[in-house]
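Written below as C-alpha cells is the structure these notes are about.
Values quoted throughout were computed directly from the atomic coordinates according to the rules given, and no laboratory measurement underlies them. The model shown is predicted, which means the values in this text are computed figures rather than measured ones. Cβ atoms come from the backbone with ideal geometry, glycine included; neighbour counts cover every protein chain shown.
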Amino acid sequence: MKSWIALLRGVNVGGHRKAPAAELRVLLAEMGFSEPRSLLASGNLVFGAEGATAGELERRLEAGFAERMGLETDVMVRSPEDWDAAIAANPFRAEAEKEPSRTFVLALKSAPTAAQIAALKAAVAGWPEQVEVVGREAFLVYPNGAGTSKLTNALIDRKLGTRGTARNWNTTLKLRAMVGR
C-alpha cells in the first residue's frame with residue numbers, strides 16, 4: 001500500500017474550521033483509506049491508498065470532507081517522494097536548523113509561474129521575511145514569527161495565484177518520519 005501525506009488548510013487554527021483529528025481518521029477509514037494517522041490537531045494526515053494520483057486524492061478528500069463533515073477546505077496531497085524532494089529543495093537549511101519553528105514549507109495546489117513568483121518576491125522586498133519557491137512548494141522564513149507578519153496566506157495566495165498550506169520545519173520532518181523516511 002502506498003503512503004500519502006494530506007495537509008488540510010486552515011483547520012483547527014484560529015477558531016475556524018473545526019475538524020478533530022480523531023474524526024478525520026475515522027472518515028479516512030470509512031472512505032476506504034488504510035492506516036489513517038494524524039499529527040497534531042492542525043490537519044496533518046498520513047494514510048495508505050493504491051491506484052490514485054495526488055490530484056485525484058485531493059479531489060476525493062475535499063469532496064469527502066465537505067459531504068460528510070461540512071468541512072470546506074483545500075487539501076494538498078504529497079507522496080513520500082514528493083515530501084523528500086521538498087525537504088531536499090529547502091534553500092533555508094541553516095535557518096531551519098537554527099529556528100525550525102520559524103521556517104516553513106508551504107505546500108501549494110499548483111506550481112506558480114515565474115512572473116507570479118517575482119510578484120511575491122517584489123511584494124516582500126525589504127521585509128525581514130525570506131521567500132523562495134521551488135515547484136509546488138514555497139519556503140518561508142519568519143525571523144520575527146509568523147503571527148504578526150505581513151507575509152500572510154492571503155498575500156501569498158494573491159501573488160502566486162494558487163492556494164497553499166504551511167507547516168513549520170519541525171512538523172515537516174515529523175511527517176517525513178510518519179511515512180517511514
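At-a-glance table
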| read-out | value |
| --- | --- |
| 12 Å reach of a label modelled at residue 26, 7 Å along Cα-to-Cβ, counting backbone N of the stretch 67-88 | 69 |
| Kirkwood-Stokes translational diffusion coefficient of the stretch 84-178, alpha-carbon pairs, 25 °C, 0.890 mPa s, µm²/s | 185 µm²/s |
| Loop chymotrypsin sites (Phe, Trp or Tyr not before Pro), the stretch 76-111 (other Cβ atoms within 10 Å of the site Cβ: 12 or fewer; DSSP) | none |
| Angle between the chain longest axis and helix 169-178 axis [Cα atoms, degrees, rounded to 10] | 30 degrees |
| Of 20, 91, 128, the one that fluctuates the most in a GNM where the chain has Cα springs shorter than 10 Å | 128 |
| Over the stretch 1-96: Rg over Rh, Cα atoms, Kirkwood Rh | 0.99 |
| Positive dipole terminus of the chain, leading residue within 127, 43, 139 (C-beta point charges) | 127 |
| Kirkwood Rh (inverse of mean 1/r, distinct Cα pairs), the chain, angstrom | 16.6 Å |
| Residue 98-residue 66 FRET efficiency (beta carbon distance; Förster radius 30 Å; 0.05 resolution) | 0.15 |
| Debye, to nearest 20: dipole size of the chain, +1 on Lys, Arg Cβ, -1 on Asp, Glu Cβ | 320 debye |
| Cα centroid separation - the stretch 102-178 against the stretch 35-61, whole Å | 21 Å |
| Phi-based couplings in Hz for the stretch 26-32 (Karplus 6.51, -1.76, 1.60; Gly and Pro marked x) | 4, 4, 4, 4, 5, 7, x |
